[in-house]
2 protein chains.
Amino acid sequence: MKAIRVPALVWFALATTLAVPALTHLAAGETSPDFSALEAAENAANAEPGPRTVPGRSIPVPNTASPELQATIAAPYRVPNWNANPKSADEWKALVNRLAAAGAAVQTTVREKLGVTLEPTVIGGVKAFIITPKEIPPANRNRLLVHVHGGGYVYNPGEAGTGEATLMAAYGGYKIISFDYRMPPDFPFPAAMDDAMAVWKEAVKLQNPRNMAIFGTSTGGGMALAMILRAKQEGLPLPAAIAPGTPWADLTETGDTYKTNEWLDNVLVSYSGYLQHAAKLYANGHDLKDPQISPIYGDFSGFPPAILTSGTRDLFLSLTVLTHRKLRRAGVEAELQVFEGMSHAQYNFNPFAPETKEAFTEIARFFDKHLGQ
Amino acid sequence: MKAIRVPALVWFALATTLAVPALTHLAAGETSPDFSALEAAENAANAEPGPRTVPGRSIPVPNTASPELQATIAAPYRVPNWNANPKSADEWKALVNRLAAAGAAVQTTVREKLGVTLEPTVIGGVKAFIITPKEIPPANRNRLLVHVHGGGYVYNPGEAGTGEATLMAAYGGYKIISFDYRMPPDFPFPAAMDDAMAVWKEAVKLQNPRNMAIFGTSTGGGMALAMILRAKQEGLPLPAAIAPGTPWADLTETGDTYKTNEWLDNVLVSYSGYLQHAAKLYANGHDLKDPQISPIYGDFSGFPPAILTSGTRDLFLSLTVLTHRKLRRAGVEAELQVFEGMSHAQYNFNPFAPETKEAFTEIARFFDKHLGQ
C-alpha cells in the first residue's frame, strides 16, 4: 500500500537511472552523450521545493585517500555486522561472541606490531584493561586516558573493544584504561552508563582529573558525552578534554547523513540495519531521546574542550557536526576533523593507514594542549 | 558503446531502485516490508571490493537545520546557473550580466537591512568596494579584511559579488575591501590572480598586514589560497589569518564528494554542469593542476592560520577537508566548521538564517584571535 504514496516525480527520477548507466564510468570532466538525459530528468525531479531526488549510481573509490584507506573504502559491506537482526537473546550473544573472538585475535597481533601491552584488571568493580605504550614521553607520565569502546551497545565485549585504545597508546604515547561495560541483551540501559561512571569515579582517584581525558568512537563517543552530562549532574570532577569520535549522539534516526550517506557508508550502511535493533535493545523501553541515551539532547554548557572526528561518507557525519556546532554554541572549545572518503569509524580500521596515525596524532596533540602534567 | 562497460551488478542495483520506492517515505526507524529486498540487492551489489553502488532515492529535508536553512535546502536546482553551457563569449556575458543584475539588486536591500554601506573605489588599479558596518568595535578599528568573491571565475561581477563581504561586515564588525577582479571570457587566467595581487600589494600599504585577513568562498576561497602561495613566492607580507570557505581548491574533478554529493548539492549539482566549462574557460589552455589555478597542489607550509567552512551536502566538502588536512599536515593552525544539510556556500544564501550568522561569527572570532590591533 505504501507504494501509492510515491510521487510521480520520484518514479520518474528512478526510471531515469536505467537510462544513463554509462555515466558511472566516465573519466573526470568528461560529459557523456547521456548526461543531457540525466540532467533533464534530475532538473525535472528537483524543480519544486521539497525532498531531494538523486539517481542510483556507482561511485568510484577516491584516489585522494591513501592506498591503505582506499582498500578500506573499497571493501564490501560487512555482513552480518551491519544488518544483524537476531531474533532472541541467545542469537544476539552467539553473534556478538563470534565477532568478538575474531576481533580479539586481531588485537593481539596489532599490539605486538605497535609495541603496546594490555593488562586485565578491575576498576570500580568493572572489568577493564590497562593499555600501555612501549614508551611514555615525560610530558605524559602523570597523565591518564579513559577509553570507551564502540559497537552499538552490543558489539566488542572484552579485548575486541580495545583496538582504539591500542592506537591511541601507540600514536599518542598515553597510558589508558579501557573498560568492558555491561551490554544488552542481559544488561540494557543504564548498565553501560553505570559502569562508565563507576570507572570514572575510581579513575579520578588514580590520577588528577586535570591530567585526564575521555575518548571513544561511535557508541563510545556518545557515552563519553553522556558521561560528562552525568558527571556535571552528580558534581563529579570533569576531565581536561574529551575526544568523541563520530559519536552516536542520537539513537533516533535524526540527522541528514543518516539518509544522504545511507548505502554509501560501507560500515553502518543504514539505520535500518542492526542500529535500529541495537537502539531498542539497549534502551529497553526508555525514551530514546533521554540525554543519557542520546546526549545531543543534553546541555553542553561547561563541557571540557573537545575534538571530534568523522569522514565524508560517515553515516554519523551529521551527528558529528551537530555535536560540534552544539558544543560551539555552548561556548565550548571544540575542533573538528573530517577525513576524505571515510565511512563510519574507519580511522580505527587499518592500524597502519596514514590517516589512522594522523587522526590519533591530532587527538593526542589536542590532549597535550589541554591536559595538565 | 559505453553501455557495454557497465557491470552486471550495477544494472542489478539500478533495477532494484524500482522495486523499493516506498522506502523513501518511511518514518525514522521504520522498516518497510520492502527493506529486505533493498538490503539483499545492495548487499549483492556491494559484495566485492570496488566502487560503491547506491540506489536512487528521495532524501527528505532534515529537521536538524533551522527553518530558514531548511527552505534553502528544499529549494529546487538553480537553472540555468548550475548547468550553464554558453556556446560563445557573447552568450556567457549575456548570462553573467543578467544574473549579476539580479544579484546586485538583492544586495542593496540586504545592506539596508543590515546597516552596511558600500562605496565604489579603485585599489591598485582594480575596481573594488569598501564595505563598512554601521559600527566598528574598538578592537577592529585598525583592522582591515580583503574579500574575494566566488562564482566559478565567471559569475558575480560588480556589486553582485559583495554579498559575503556585507555579511562579514554586519556579523563581524570589520571594514572590508571587496574587489571586482577581471574574469573570462574576456580575461582568462592569470588576470583574476594578477588583480588579486595588485589589490593585496596596495592593501598592505593601507593597513598593517598583521591586522589583516583574506577571506572568500568557493572560487574566492581557492583564490585566497592561491594569493598566499603567490605572496610567499614573491616575498610579500602575509595576512594574519585566512578564511577559505568551501574553496575551489582543485579545478579538476578530484575529490570524493564531487561524486558522493553529486545531484544532492542543489547549488552546484554536478561538476558536469557549468563548473567544467568555467574551469576550461578560465584556465584557457593552462594546466588545471597549476597551483595558481588549483592551489591544493601547492606548498602550504608557512601559511597563516586558517578557518574553513563547508556543509554535509556540499559538492566541495572533500575539497574543504582535503585543504584542511593538508594545512594541518604542513603544521598550520587550521579549524574546520561543517554545517548540517548545507550544500555549496549556502551560509551566504539567506542573510538572516541563524546558520549564516553562526558561520560568520565563528570566522570573526577566529580573526579576532589571530589579528593584531
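The values are calculated or read from the model by the stated rules, or taken from the named source; none is laboratory data. From a predicted model like this one, the values you see are computed outputs, not experimental measurements. Glycine also receives a Cβ, built like all others from the backbone with ideal geometry; neighbour counts cover every protein chain displayed. In case anyone asks, the SASA skips ligands and DNA or RNA and just uses the protein heavy atoms, side chains included. Shrake-Rupley method; radii C 1.70, N 1.55, O 1.52, S 1.80 Å.
Quick check: is even one residue across region B:107-124 under 19 Å from the mean Cα position of the chain (by Cα) and open to solvent by 10 Å² or more (accessible area, probe 1.4 Å)?
Looking for residues that are under 19 Å from the mean Cα position of the chain (by Cα) and open to solvent by 10 Å² or more (accessible area, probe 1.4 Å), one finds at least one in region B:107-124, hence yes.
I'm told B:A101 meets every condition in (1) in contact (Cβ under 8 Å) with a residue 12 or more places away in the chain; (2) in contact with a helix residue (DSSP H, G or I) (Cβ under 7 Å, 6 or more places away or on another chain) except one. Can you identify the failing condition by its number?
All conditions pass for B:A101, except number (2).
Could you list, in sequence order, all residues of region B:236-254 that are among the aliphatic types (A, V, I, L, M) and within 17 Å of B:A283 (Cα to Cα)?
Correct list: B:A249, B:L251.
When residues of region A:276-289 are filtered for being in contact (Cβ under 8 Å) with a residue 12 or more places away in the chain and more than 9 Å from every other protein chain (Cβ to nearest Cβ), how many remain?
Final tally of qualifying residues: 8.
Which of the residues belonging to region B:246-260 are within 8 Å of chain A (Cβ to nearest Cβ) and not in a helix (DSSP H, G or I)?
B:T252, B:E253, B:T254, B:G255, B:D256
Count, please, the residues in region B:337-350 that happen to be crowded, with 24+ Cβ neighbours inside 10 Å and either touching a Pro at 6+ places or on another chain (Cβ under 8 Å) or part of a loop (DSSP other than H, G, I, E, B) (or both).
6
Among the residues of region A:44-58, is any open to solvent by 10 Å² or more (accessible area, probe 1.4 Å) and either within 19 Å of the chain's Cα centre (by Cα) or more than 8 Å from chain B (Cβ to nearest Cβ) (or both)?
Yes; the residues of region A:44-58 include at least one that is open to solvent by 10 Å² or more (accessible area, probe 1.4 Å) and either within 19 Å of the chain's Cα centre (by Cα) or more than 8 Å from chain B (Cβ to nearest Cβ) (or both).
Kindly provide the set of residues from region A:59-80 that are open to solvent by less than 50 Å² (accessible area, probe 1.4 Å), closer than 28 Å to B:F35 by Cα and in a loop (DSSP other than H, G, I, E, B), ordered by number.
A:V61, A:A75, A:P76, A:Y77, A:P80
Taking the options B:L327, B:L317, name whichever one is under 27 Å from B:M193 (Cβ atoms), open to solvent by less than 10 Å² (accessible area, probe 1.4 Å) and within 14 Å of the chain's Cα centre (by Cα).
B:L317
From the list B:L23, B:L18, B:L14, exactly one residue is modelled with pLDDT under 50 and either basic (K, R) or in contact with a Gly (Cβ under 7 Å, 6 or more places away or on another chain) (or both). Which is it?
Going through B:L23, B:L18, B:L14 in turn, the sole match is B:L14.
Among the numbered criteria (1) in contact with a strand residue (DSSP E or B) (Cβ under 7 Å, 6 or more places away or on another chain); (2) surrounded by fewer than 23 Cβ atoms within 10 Å (Cβ to Cβ); (3) among the hydroxyl-bearing types (S, T, Y), which single criterion is violated by A:S310?
(2)
Taking the condition of being more than 10 Å from chain B (Cβ to nearest Cβ), among the hydrophobic types (A, V, I, L, M, F, W, C) and in contact (Cβ under 8 Å) with a residue 40 or more places away in the chain, how many residues in region A:313-331 meet it?
2
Looking at A:L69, is it within 14 Å of chain B (Cβ to nearest Cβ), at pLDDT 95 or above, within 21 Å of the chain's Cα centre (by Cα) and under 24 Å from A:G150 (Cβ atoms)?
Considered against the rule, which asks whether it is within 14 Å of chain B (Cβ to nearest Cβ), at pLDDT 95 or above, within 21 Å of the chain's Cα centre (by Cα) and under 24 Å from A:G150 (Cβ atoms), A:L69 comes out as yes.
Give the residue, chosen from B:T166, B:T219, B:T246, that is open to solvent by less than 10 Å² (accessible area, probe 1.4 Å), over 21 Å from B:F316 (Cβ atoms) and of a type outside the set (K, R).
It is B:T166.
Tally time: how many residues in region B:263-314 are more than 16 Å from B:Y153 (Cα to Cα) and assigned to a helix (DSSP H, G or I)?
Within region B:263-314, residues that are more than 16 Å from B:Y153 (Cα to Cα) and assigned to a helix (DSSP H, G or I) number 2.
Tally up the residues in region B:198-245 that are assigned to a loop (DSSP other than H, G, I, E, B), small (G, A, S) and either under 26 Å from B:E362 (Cα atoms) or in contact (Cβ under 8 Å) with a residue 40 or more places away in the chain (or both), please.
Total meeting the criteria: 2.
Pick out the one residue from A:D265, A:D186, A:D250, A:D180 that is in contact (Cβ under 8 Å) with a residue 40 or more places away in the chain, of a type outside the set (S, T, N, Q) and touching an Asp or Glu at 6+ places or on another chain (Cβ under 7 Å).
Result: A:D265 is the single residue among A:D265, A:D186, A:D250, A:D180 that is in contact (Cβ under 8 Å) with a residue 40 or more places away in the chain, of a type outside the set (S, T, N, Q) and touching an Asp or Glu at 6+ places or on another chain (Cβ under 7 Å).
Residue by residue through region A:340-356, note down the ones that are over 13 Å from the mean Cα position of the chain (by Cα) and at the interface with chain B (Cβ under 10 Å from one of its Cβ atoms).
Once the filter is applied, which keeps residues that are over 13 Å from the mean Cα position of the chain (by Cα) and at the interface with chain B (Cβ under 10 Å from one of its Cβ atoms), region A:340-356 yields A:E340, A:G341, A:P354, A:E355.
Hey, among the residues in region A:290-312 that are within 20 Å of A:A231 (Cβ to Cβ) and of a type in the set (S, T, N, Q), which one's nearest to the other protein chains (Cβ to nearest Cβ)?
A:S294
Quick check on this structure: which one of B:A334, B:A359 is over 14 Å from the mean Cα position of the chain (by Cα), more than 9 Å from every other protein chain (Cβ to nearest Cβ) and open to solvent by less than 20 Å² (accessible area, probe 1.4 Å)?
The unique qualifying residue is B:A334.
Anything in region A:160-194 that is closer than 17 Å to A:F360 by Cβ, aromatic (F, W, Y) and part of a loop (DSSP other than H, G, I, E, B)? List them, or say none.
Correct list: A:Y174 only.
Within region A:145-153, is even one residue closer than 26 Å to A:L251 by Cβ, surrounded by fewer than 18 Cβ atoms within 10 Å (Cβ to Cβ) and either in contact (Cβ under 8 Å) with a residue 12 or more places away in the chain or of a type outside the set (D, E) (or both)?
no
Count, please, the residues in region A:32-43 that happen to be at the interface with chain B (Cβ under 7 Å from one of its Cβ atoms) and of a type in the set (A, V, I, L, M, F, W, C).
1
Quick check, is A:T320 under 17 Å from A:T219 (Cβ atoms) and part of a helix (DSSP H, G or I)?
Judged against the criteria, A:T320 is a match.
Which one of A:K280, A:K232, A:K259 is open to solvent by 10 Å² or more (accessible area, probe 1.4 Å), touching a strand residue (DSSP E or B) at 6+ places or on another chain (Cβ under 9 Å) and either among the basic types (K, R) or within 21 Å of B:N63 (Cβ to Cβ) (or both)?
Sole residue among the options that is open to solvent by 10 Å² or more (accessible area, probe 1.4 Å), touching a strand residue (DSSP E or B) at 6+ places or on another chain (Cβ under 9 Å) and either among the basic types (K, R) or within 21 Å of B:N63 (Cβ to Cβ) (or both): A:K259.
Is it true that B:K127 is over 21 Å from B:G245 (Cα atoms), open to solvent by 40 Å² or more (accessible area, probe 1.4 Å), at pLDDT 95 or above and assigned to a strand (DSSP E or B)?
So B:K127 passes the test.
I'm trying to understand the selection: among the residues of region A:81-99, which are more than 10 Å from every other protein chain (Cβ to nearest Cβ), in a loop (DSSP other than H, G, I, E, B) and closer than 14 Å to A:G273 by Cβ?
Residues satisfying the conditions are A:N81, A:A84, A:P86.
When A:E119 is evaluated against the numbered criteria (1) closer than 22 Å to A:N350 by Cβ; (2) without any contact (Cβ under 8 Å) to a residue 24 or more places away in the chain, which criterion, by number, is the only one it fails?
Of (1) closer than 22 Å to A:N350 by Cβ; (2) without any contact (Cβ under 8 Å) to a residue 24 or more places away in the chain, only one is false for A:E119: (1).
Would you check which residues across region B:169-186 are surrounded by fewer than 24 Cβ atoms within 10 Å (Cβ to Cβ) and under 18 Å from B:A100 (Cα atoms) and list them?
Across region B:169-186, the qualifying residues are B:D180, B:R182, B:P184, B:P185, B:D186.
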